[in-house]
1. If you check Leu119 against the conditions, is it within 17 Å of the chain's Cα centre (by Cα), of a type outside the set (Val, Ile, Thr) and part of a helix (DSSP H, G or I)?
2. Is it the case that some residue within the stretch 225-237 is over 24 Å from Val118 (Cα atoms), touching a helix residue (DSSP H, G or I) at 6+ places or on another chain (Cβ under 8 Å) and not small (Gly, Ala, Ser)?
3. For the stretch 80-107, give me the residue count where each residue is closer than 30 Å to Gln205 by Cα, out of contact with any strand residue (DSSP E or B) (no Cβ under 6 Å at 6 or more places or on another chain) and hydrophobic (A, V, I, L, M, F, W, C).
4. On the basis of being surrounded by 20 or more Cβ atoms within 10 Å (Cβ to Cβ), touching a residue at least 12 places away in the same chain (Cβ under 8 Å) and under 21 Å from the mean Cα position of the chain (by Cα), does Val150 make the cut?
5. Report yes if some residue within the stretch 154-175 is of a type in the set (Phe, Trp, Tyr), surrounded by fewer than 20 Cβ atoms within 10 Å (Cβ to Cβ) and closer than 26 Å to Arg225 by Cβ; otherwise report no.
6. What's the number of the only condition in (1) within 23 Å of Lys314 (Cβ to Cβ); (2) out of contact with any Phe, Trp or Tyr (no Cβ under 7 Å at 6 or more places or on another chain) that Leu209 fails to meet?
7. Can we say Asn70 is more than 26 Å from Tyr189 (Cβ to Cβ), in the same structural domain as Ser187 (by TED's automatic domain parsing) and touching a helix residue (DSSP H, G or I) at 6+ places or on another chain (Cβ under 7 Å)?
8. If the Cβ limit is 6 Å and pairs must be 6+ apart or interchain, which residue in the stretch 64-86 that is closer than 17 Å to Pro138 by Cα pairs with which residue that is exposed (fewer than 13 other Cβ atoms within 10 Å of the Cβ)?
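The values are calculated or read from the model by the stated rules, or taken from the named source; none is laboratory data. Predicted model, so just to flag it, every value in this text is computed and none were measured. Cβ atoms come from the backbone with ideal geometry, glycine included; neighbour counts cover every protein chain shown.
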Amino acid sequence: MKKIFLLAAISIIVLSSCSKNKKQVLVDPSTGNEITMNINRFEDVLFDKSQQDLKSHLQANFENYKPLFNTTLDDAEYFQMISHFANDTTMISAYKAVKKRYPSLDWVSNQVTKAFSVLIEDYPNTKIPKLYSFMFGPADFSYSYSRRVVAQEDFITLAIDLYSINTLQENPFYSQYPKYIMSMLDSAYIVPDIMNAYLRNVTTQDIPLMEQSHQASLCDIIIERGKYYYALKQLLPKSSMGGLFRYTPEQMDWVEKNEYNIWGFIIQNQLLYSKDRTQYMHMITEGPTTKGLNGSPSRLGDYIGYKIVEKYMKGSNKSLKEMFETKDANQILKESSYRPNK
């Protein structure tokens, strides 16, 4: 098996390095075959009104979409819940709006395929997951937002209705979303969100997250997050910085113009090495703005972390894997010689 992985990795390097202008090719390490990571659209299956018998229709598709079912369709209560969802007029209306917004997701498939072709060079044992889209429907916005993309080793699910939120504002199931959340749910953020979820939950799952430690300083957290943004930029070189950070063009412009002021704010308020999260949470949490910096978007610490890691990686020959395995944030900060220009 190791020989197969080695041969696959070599073939990918050869194919992708022939010319930077040529199409990136993804080879499945387990088979050696070239593949495209097509998206299986469960919403099309669920809301297919040409089918007379919903249960038989779903059973025929059960194996292909198994990760999206909680249990078997023989569970009467579970099937009744699915049937109610599929026949709800509000959800049917939402589905039609989603299909109008995204008649095809081939562009997502192509971008994710290219990203995995790069990722697998550093992580040749990567198992290529299946991609699924579905409709999340009515749920608490904070819960659904946190589950908009779920990544596991075998599959990735995408709640495509949440990325149609701006066209569903009149729908009662989606009207609860705050404006600052809605601004982060658009087509530009789909592929970065997919790859970010996969990197965090699969690729680097064996590396403990500093942000889950009560002893983590702001420096630890923003540099850790900066690694993921840096990795996203390498995997998705054609994506805009705003797309990676989930910022609107105006927000991204503000952040780039105020990098010096953001860094100064962190240093002057002695936040960088603080381990008191009540003191620095406003620098890393979602929200309409960042407290203390007028006109700013949220998560400004993430951007600073990215800039530190970017400068660090320019001065090293490390791979993405080696970058993630370098755990000492202070070492990265020191070796980066990060000093933003005024």
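1. Details: within 17 Å of the chain's Cα centre (by Cα): yes; of a type outside the set (Val, Ile, Thr): yes; part of a helix (DSSP H, G or I): yes.
Yes; evaluated as a whole, the condition is true for this residue.
2. Initially, the stretch 225-237 is screened for residues over 24 Å from Val118 (Cα atoms), giving none.
No, there is no match, as no residue in the stretch 225-237 is over 24 Å from Val118 (Cα atoms), touching a helix residue (DSSP H, G or I) at 6+ places or on another chain (Cβ under 8 Å) and not small (Gly, Ala, Ser).
3. Taking the stretch 80-107 first, the residues closer than 30 Å to Gln205 by Cα are 105-107.
Then keep just the ones that are out of contact with any strand residue (DSSP E or B) (no Cβ under 6 Å at 6 or more places or on another chain); that gives 106-107.
Okay, now just the ones that are also hydrophobic (A, V, I, L, M, F, W, C), so 107.
So the count comes out to 1.
4. Values: surrounded by 20 or more Cβ atoms within 10 Å (Cβ to Cβ): no; touching a residue at least 12 places away in the same chain (Cβ under 8 Å): yes; under 21 Å from the mean Cα position of the chain (by Cα): yes.
For Val150, the condition - surrounded by 20 or more Cβ atoms within 10 Å (Cβ to Cβ), touching a residue at least 12 places away in the same chain (Cβ under 8 Å) and under 21 Å from the mean Cα position of the chain (by Cα) - is not met.
5. Step one: list which residues in the stretch 154-175 are of a type in the set (Phe, Trp, Tyr), which gives 155, 163, 173-174.
Checking the rest, the ones that are also surrounded by fewer than 20 Cβ atoms within 10 Å (Cβ to Cβ) come to 155, 173.
In the following step, the residues that additionally are closer than 26 Å to Arg225 by Cβ were identified as 155.
Yes, the stretch 154-175 contains a residue that is of a type in the set (Phe, Trp, Tyr), surrounded by fewer than 20 Cβ atoms within 10 Å (Cβ to Cβ) and closer than 26 Å to Arg225 by Cβ.
6. Exception for Leu209: condition (1).
7. Details: more than 26 Å from Tyr189 (Cβ to Cβ): yes; in the same structural domain as Ser187 (by TED's automatic domain parsing): yes; touching a helix residue (DSSP H, G or I) at 6+ places or on another chain (Cβ under 7 Å): yes.
The answer is yes for Asn70.
8. Here the result reads Tyr78/Thr71, each pair linking the stretch 64-86 to a residue that is exposed (fewer than 13 other Cβ atoms within 10 Å of the Cβ).
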